[in-house]
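Asker: Quick one: the structure is below, and I'll ask about it shortly.
The values are calculated or read from the model by the stated rules, or taken from the named source; none is laboratory data. Remember, it's a predicted structure, so these values are computed and weren't measured experimentally. FYI the Cβ positions are ideal-geometry reconstructions off the backbone, even for glycines, and counts take in every protein chain you see. Calculation scope for accessible area: heavy atoms of the full protein, side chains included, ligands and nucleic acids excluded. Shrake-Rupley method; radii C 1.70, N 1.55, O 1.52, S 1.80 Å.
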Amino acid sequence: MTSIAISKPVHPSARDQLRFITCGSVDDGKSTLIGRLLHDSKMIYQDQLAAVKRDSIRHGSADIDFALVVDGLEAEREQGITIDVAYRFFTTPRRSFMVADTPGHEQYTRNMATGASNAQLAIILIDARKGVLVQTRRHSFICSLLGIRHVVLALNKIDLVAYSKSAFDRIVASYLAFATGLGFSSIVPIPISARHGDNVVDRSAHTKWYHGPCLMEHLESIDIQSDTASQAFRFPVQWVNRPDPDFRGYAGSVASGTISAGDEIVVAASGRTTRIKRIVTHDGDLADAEAGDAVTITLEDEIDIGRGDLLSRPTERPSVADQFAAYLIWMDNESLAPGRNYILRIGSQTVAGSVTAIRYRIDVNTCEHLAAETLSLNEIAFCNVATALPAAFDPYDVNRKTGSFIVIDRFTNRTVGAGMIAFPLRRATNVSWQAPSVGRSERAALKHQKPCVVWFTGLSGAGKSTIANLVDQKLLAMSRHAMLLDGDDLRNGLNADLGFSKAERVENIRRAGQVAKLMLDSGLIVICSFISPYRSERDMVRSLIGKDEFVEVFVDTPIEECARRDPKGLYSKAKAGEIKNITGIDASYEAPTRPEIHLRTMEQAPEQAAEVVVDAVMARALLRDERR
Amino acid sequence: MREVAAEFKRPVMLYSIGKDSSVLLHIAIKAFYPAKLPFPLLHVDTTWKFREMISFRDATAKRLGVELIVHVNEEGIARGINPIDSGSALHTQVMKTDALKRALELYGFDAALGGARRDEEKSRAKERILSFRSAGHVWDPRNQRPELWGLFNTRIRQGESMRVFAMSNWTELDVWEYIMLEKIPVVPLYFAKQRPTVRRNGATIMVDDNRLPLNCDETPQMRMIRFRTLGCYPLSGAIESDATTIEDVVAEMQSATVSERQGRLIDTDEAASMERKKREGYF
């Protein structure tokens, strides 16, 4: 499947594997069904069953509670809910199975998406007494979005509606009415009772009116022909294998398609073409390789290829673009900030990127399109995404492996989102960068100075503007051409349309950074004074400006002192409850961990602090003059 | 596995000498061919392993030409910790869990590859393939990263580490079938043979050396036994079996009615014991 997770052994008599996910609401009996499948297919060992029997009594049930077979973690057992994705395995003489058991709670959309991302089939449980619920729609929509094409509609607890055919028919009709637009290629409804085992492994005597397969029979026989071998050839390079100067191979797993020695290939990003020389494995060279094979490829020509490159045939190239439209599922407690710089992993490529626009959010319960400024945990949207460098990919509905990506927060390192690419945005190629013939250094030379951006960050009332103004005056006195950009001033003009929500604060800093960069390019020393509470935005500006030209100055004043000074009366208003989103009070401030200059205003007067900054700016200029 | 080699600064493969480790090592050799393994093997030795395991370990490292680091918690030895007098819980804590943490810190390993599988035990079923451990090696089941498709988030900060379970989705039967198919050498203890044993608490314990104190009414008896899992010999329960070849073992597996961990005395304390051990840093 992937390179970290080693694929199952390929055996001559290999049973094929079906990976499926179970989805249902809290009391639909999902865990019971899985426990029943494991038990009835004799996959629960005696010692495990004995433990479950003991636990069943301890948890207060008289019969064997099959849910206890699968509910793994202590915490959730105590709460009686499943909190995460659990993977179970069972094998019958005809097939082996991997089950992703995922919870049905509203707040756990992300876990369901995780389970669905690797599944080929979904069992959607419906309580026969309750029929199609909002959750049923949500589960179906997420399965569809993640590319699952086969659905089993398990109408559980059929015993509790007296094995009624009319109840079954009614629910099936209402499900089909809503699911037709979801693009499933098979929907098989089965009346079951997980608790009593009706139609799970053996056909039930209570549902003589039902002529379809029982659940296990269907799972064993459904044709999930994996057609990845017939798709276009895709080979993401994982690792460059270079044991000695004579051997240079590219290791990876074939994501889709087939390739043979001698075939022509192209490197997506660079467009360079060459031919496959050898397909190397430990057990000897292969003539060809197909989807799923882990191999090392050597090429006829020495061309520059590294980890993250995607190889294809010249006639079937992936898209290469730095903008694309994608469905994005948000998975973190901290909301998505459009414009913020995240890390994207697309196949083996790692690139910086950001969401440039949320086209619309999708209500997972109704499939309605809604306007959105930001995305919270478990929300799904259709977005425009921009990457710092062009990436190679396919649309997700064509290739799940090369069309999916995850979003990682730069600072917490958490996986905060998962995306499915819809299509490239070609505008990217039409607006090419204008390389100016007169550059930053020429303009700076005219002013006899080294331009840089001095970025003051700190709480409101910390003394940023005071010190920044002094720095500006001192530089002027030294005949240095500086320009002061103040947060409050910008908010009265350029950023007058922005408020103080997180997303708007991000945008505020993005614009300020862009303006600072223009000024820097014109040869100025740019003094910026912004609260700029988030580390990731300050770092976004740092990477925009270039780290050699960026001087971060942390004006460090304790919040109590800021509130005491309160030059703008903000803290007293906040205290009175008149205004919200004050940094340090009800909005967070992430202090710099390694600022170039750290000013402690409780120990330094503004005049002294300004001297420190001016000295540093001049020293940098001198230092670099000497280096030249 | 290549992903780990490409993304981490100092990875290591935990080598327990068991069948899963043998498979993992075999696959690693194949994955990096023709290059050598880009990481060393680490064996945390409790000093109570079967003697045949140790000789197999050393022979394997030599045969494959891989770098092998053997780490023993000397402090534990000095404190006289052993599985017989200290009890299985303390012994495992000091000689395995603490020893592993200390070894990872000592060598500065930021990713540790291991052969654990999701089918082994209930709390393992929810384990990620890349299992994040905060500084101090703590596993917080609520703070694990979602894993979608085959896309892994390998980013960690200084001091944090990853445990990598590359064989998460294999089952015990898969492992044996693969060993059969690829003819991978494993410790002979997996195959049935007449061995000296005693019975205790319903388990069959092999008398591997004279450190095992025998009660006055105990005399080691020769029995035809083999092991489904291997650990410290006083804590590993054998099964009576006639399976002397890999083919026999696979056939026996297919008709098995008890789980492999039943032979592990460290699990039997209570249902959630494994989960607790993992939170404390056990692999």
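Asker: Scan segment A:308-321 and tell me whether some residue there is surrounded by fewer than 19 Cβ atoms within 10 Å (Cβ to Cβ) and of a type in the set (Lys, Arg).
Answerer: Checked against the condition, which is being surrounded by fewer than 19 Cβ atoms within 10 Å (Cβ to Cβ) and of a type in the set (Lys, Arg), segment A:308-321 yields at least one hit.
Asker: Please specify each residue of segment A:165-190 satisfying the condition of being touching a Lys or Arg at 6+ places or on another chain (Cβ under 7 Å) and among the polar types (S, T, N, Q).
Answerer: Matches in segment A:165-190: A:Ser185 only.
Asker: So, in segment A:97-119, of the ones that are more than 11 Å from chain B (Cβ to nearest Cβ) and open to solvent by 10 Å² or more (accessible area, probe 1.4 Å), which residue ends up modelled with the highest pLDDT?
Answerer: Residue satisfying both the conditions and the ranking: A:His105.
Asker: Quick test of your reading of the structure: B:Lys101 fulfils all but one of (1) open to solvent by 20 Å² or more (accessible area, probe 1.4 Å); (2) in a loop (DSSP other than H, G, I, E, B). Name the failing condition by number.
Answerer: With (1) open to solvent by 20 Å² or more (accessible area, probe 1.4 Å); (2) in a loop (DSSP other than H, G, I, E, B) applied to B:Lys101, the lone miss is (2).
Asker: Search segment B:211-230 for residues that are touching a residue at least 12 places away in the same chain (Cβ under 8 Å) and pair each with any residue that is open to solvent by less than 80 Å² (accessible area, probe 1.4 Å) and aromatic (Phe, Trp, Tyr) when their beta-carbon atoms are under 8 Å apart and the residues are at least 6 apart or on different chains.
Answerer: Cβ pairs passing all conditions: B:Arg211/B:Trp48; B:Leu212/B:Tyr233; B:Arg226/B:Tyr190; B:Arg226/B:Phe191; B:Phe227/B:Tyr190; B:Arg228/B:Tyr190; B:Leu230/B:Phe50; B:Leu230/B:Tyr190.
Asker: On to the next question. Which pairs turn up if I take residues in segment B:20-33 that are in contact (Cβ under 8 Å) with a residue 60 or more places away in the chain and more than 7 Å from chain A (Cβ to nearest Cβ) and look for partners that are open to solvent by less than 30 Å² (accessible area, probe 1.4 Å) and assigned to a helix (DSSP H, G or I) with beta carbon separation below 8 Å, at least 6 apart in sequence or on another chain?
Answerer: Pairs that qualify, where the first residue is in contact (Cβ under 8 Å) with a residue 60 or more places away in the chain and more than 7 Å from chain A (Cβ to nearest Cβ) and the partner is open to solvent by less than 30 Å² (accessible area, probe 1.4 Å) and assigned to a helix (DSSP H, G or I), are B:Asp20/B:Val175; B:Ser22/B:Thr60; B:Ser22/B:Ile179; B:Val23/B:Val175; B:Val23/B:Tyr178; B:Val23/B:Ile179.
Asker: Do we have B:Pro196 as in a loop (DSSP other than H, G, I, E, B), closer than 26 Å to B:Phe56 by Cα and modelled with pLDDT of 70 or more here?
Answerer: So B:Pro196 does not fit the description; no.
Asker: Considering only segment A:547-561, how many residues are open to solvent by less than 60 Å² (accessible area, probe 1.4 Å) and either at pLDDT below 85 or part of a helix (DSSP H, G or I) (or both)?
Answerer: As a first pass, look at segment A:547-561 and keep what is open to solvent by less than 60 Å² (accessible area, probe 1.4 Å): A:549-559, A:561.
Narrowing the set further to residues that are either at pLDDT below 85 or part of a helix (DSSP H, G or I) (or both) leaves A:549, A:559, A:561.
Selection size over segment A:547-561: 3.
Asker: Considering only segment A:286-296, how many residues are within 13 Å of chain B (Cβ to nearest Cβ) and open to solvent by less than 10 Å² (accessible area, probe 1.4 Å)?
Answerer: 2
Asker: Restricting to segment B:14-46, count the residues that are in a strand (DSSP E or B) and open to solvent by less than 10 Å² (accessible area, probe 1.4 Å).
Answerer: Going through segment B:14-46, the residues in a strand (DSSP E or B) turn out to be B:14, B:41-44.
If we keep only those that are open to solvent by less than 10 Å² (accessible area, probe 1.4 Å) as well, we get B:41-43.
Counting residues in segment B:14-46 that are in a strand (DSSP E or B) and open to solvent by less than 10 Å² (accessible area, probe 1.4 Å) gives 3.
Asker: Out of all the residues in segment A:120-131, is one or more within 14 Å of another protein chain (Cβ to nearest Cβ) and either buried (at least 24 other Cβ atoms within 10 Å of the Cβ) or in contact with a Lys or Arg (Cβ under 7 Å, 6 or more places away or on another chain) (or both)?
Answerer: Checked against the condition, which is being within 14 Å of another protein chain (Cβ to nearest Cβ) and either buried (at least 24 other Cβ atoms within 10 Å of the Cβ) or in contact with a Lys or Arg (Cβ under 7 Å, 6 or more places away or on another chain) (or both), segment A:120-131 yields at least one hit.
Asker: Scan segment A:476-493 for residues that are touching a strand residue (DSSP E or B) at 6+ places or on another chain (Cβ under 6 Å) and among the acidic types (Asp, Glu) and jot them down.
Answerer: Within segment A:476-493, just A:Asp486 meets the criteria.
Asker: Taking the options A:Asp285, A:Asp322, A:Asp309, A:Asp301, name whichever one is in contact with a Lys or Arg (Cβ under 7 Å, 6 or more places away or on another chain) and at pLDDT below 95.
Answerer: It is A:Asp285.
Asker: Taking the conditions exactly as written (within 12 Å of another protein chain (Cβ to nearest Cβ) and either surrounded by 18 or more Cβ atoms within 10 Å (Cβ to Cβ) or in a helix (DSSP H, G or I) (or both)), does A:Arg170 satisfy them or not? I'd like the intermediate steps shown before the answer.
Answerer: On the way: within 12 Å of another protein chain (Cβ to nearest Cβ): no; either surrounded by 18 or more Cβ atoms within 10 Å (Cβ to Cβ) or in a helix (DSSP H, G or I) (or both): yes.
No.
Asker: Quick one: in segment B:104-136, of everything that is aromatic (Phe, Trp, Tyr) and open to solvent by less than 50 Å² (accessible area, probe 1.4 Å), which residue is nearest to B:Ile156 (Cα to Cα)?
Answerer: B:Phe132
Yes or no, residue by residue, for (1) within 18 Å of the chain's Cα centre (by Cα); (2) β-branched (Val, Ile, Thr); (3) closer than 26 Å to B:Leu37 by Cα:
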| residue | (1), (2), (3) |
| --- | --- |
| B:Leu90 | yes, no, no |
| B:Asp98 | yes, no, no |
| B:Arg102 | yes, no, yes |
| B:Leu106 | no, no, yes |
| B:Phe132 | no, no, yes |
| B:Gly136 | no, no, no |
| B:Trp149 | no, no, no |
| B:Ile156 | no, yes, yes |
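Asker: Shifting gears a bit: From A:Arg195, A:Arg242, which residue is charged (D, E, K, R) and either assigned to a strand (DSSP E or B) or closer than 17 Å to A:Asn399 by Cβ (or both)?
Answerer: A:Arg242
Asker: So the check is Cβ under 9 Å with 6+ separation or different chains; which pairs have a first residue in segment B:123-143 that's at the interface with another protein chain (Cβ under 9 Å from one of its Cβ atoms) and a second one that's loosely packed, with under 14 Cβ neighbours inside 10 Å and at pLDDT 70 or above?
Answerer: B:Phe132/B:Asp140; B:Phe132/B:Asn143
Asker: Whether any residue in segment B:213-223 is within 14 Å of chain A (Cβ to nearest Cβ) and of a type outside the set (S, T, N, Q) is what I want to check.
Answerer: No - not one qualifying residue is present in segment B:213-223.
Asker: Now for a different question. Taking the condition of being open to solvent by 40 Å² or more (accessible area, probe 1.4 Å) and within 12 Å of chain B (Cβ to nearest Cβ), how many residues in segment A:248-285 meet it?
Answerer: 5
Asker: Same structure again: Consider segment A:204-219. How many of its residues are buried (at least 16 other Cβ atoms within 10 Å of the Cβ) and either among the charged types (D, E, K, R) or free of Cβ contacts under 8 Å to residues at least 12 places away in the same chain (or both)?
Answerer: Here the count works out to 1.
Asker: Out of (1) in a helix (DSSP H, G or I); (2) under 17 Å from A:Thr32 (Cα atoms); (3) in contact with a Pro (Cβ under 7 Å, 6 or more places away or on another chain), the odd one out for A:Leu155 is which?
Answerer: (1)
Asker: Further question: Among the residues that make up segment B:167-174, is at least one of them modelled with pLDDT under 85, of a type outside the set (Phe, Trp, Tyr) and open to solvent by 40 Å² or more (accessible area, probe 1.4 Å)?
Answerer: no
Asker: When you scan segment A:611-628, how many residues do you find that are farther than 19 Å from A:Phe550 by Cβ and at pLDDT 50 or above?
Answerer: Applying the first criterion (farther than 19 Å from A:Phe550 by Cβ) to segment A:611-628 yields A:611, A:626, A:628.
When the remaining residues are screened for being at pLDDT 50 or above, the result is A:611.
Looking only at that region, the number is 1.
Asker: Another question, then. Out of the residues in segment A:562-587 meeting the condition of being without any contact (Cβ under 8 Å) to a residue 60 or more places away in the chain and open to solvent by less than 70 Å² (accessible area, probe 1.4 Å), tell me which one is farthest from A:Arg535 (Cα to Cα).
Answerer: A:Ala576
Asker: Just to be sure, is B:Arg57 in contact with a strand residue (DSSP E or B) (Cβ under 7 Å, 6 or more places away or on another chain), surrounded by fewer than 22 Cβ atoms within 10 Å (Cβ to Cβ) and either part of a helix (DSSP H, G or I) or not small (Gly, Ala, Ser) (or both)?
Answerer: Criteria met by B:Arg57.
Asker: For the condition modelled with pLDDT of 85 or more, within 25 Å of A:Gln238 (Cα to Cα) and within 13 Å of chain A (Cβ to nearest Cβ), what is the one hit in B:Glu182, B:Glu177?
Answerer: B:Glu182
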